[in-house]
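S.K.: Before I ask anything, let me first share the structure, which is written out below as structure tokens.
Every number here is computed from the coordinates shown, using simple stated rules; none is lab data. Please read these numbers as outputs of a predicted model, since none were measured by experiment. All Cβ positions, even for glycine, are placed from backbone atoms using ideal geometry, and neighbour counts span all protein chains on display.
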Amino acid sequence: MQAATINSEGLAFQHKEFIAKLATARHLPLSVWFRETLEAGALMSYGPNQVAICRRAAVFVDKIVKGANPAELPVEEPTIESSSTLRPPRRWEYPSRLCCSRPPTR
């Protein structure tokens, strides 16, 4: 195995620190869905911005409480963001082709 990824399932999110610690101990780059898991120790994340989704949900609830018809509210796409740690831990010792390598010069 050369890398690991976890999905957005609740159990994986609940144990994000433990999963990140296991991946680091086994020198595996870890790709995750949420920034919160990235901050727990993953290498990169790619997924919806959870804070933005919660803020937009509050706006929709406010409109419905004020009398708007839910069927007439527009459907919105979530904001997708890609994040990565700037420097992986040195103890991972990635091969140069995986991380921080320069393209070959001619």
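S.K.: From the C-alpha coordinates alone, can you work out the Kirkwood hydrodynamic radius of the stretch 39-78, in Å?
M.R.: Over the stretch 39-78, the inverse of the mean reciprocal pair distance is 12.2 Å.
S.K.: Now, a different point. Name the residues whose placed amide hydrogens come within less than 5 Å of the amide hydrogen of Glu81, ignoring near sequence neighbours (fewer than 5 apart) on the same chain.
M.R.: Distant-sequence amide H within range of Glu81: Gly47, Asn49.
S.K.: Taking a cut-off of 15 Å between Cα atoms, list the aspartates and glutamates near Lys16, but don't count ones fewer than 8 places away on the same chain.
M.R.: Result set, ordered by chain and number: Glu36, Glu39.
S.K.: Using packing as a proxy for protection, rank 19-30, 63-74 so that the peptide with the highest average count of other Cβ atoms within 10 Å comes first.
M.R.: Listed from highest to lowest mean packing, they are 19-30, 63-74.
S.K.: Also, quick follow-up: Note down the net charge around Trp33, summing +1 for each Lys or Arg and -1 for each Asp or Glu among other residues with Cβ under 14 Å from its Cβ. Kindly include the intermediate steps, with their values, before the conclusion.
M.R.: Details: positive: Lys16, Arg35; negative: Glu9, Glu36, Glu39, Glu81.
Every neighbour counted, the sum reads -2.
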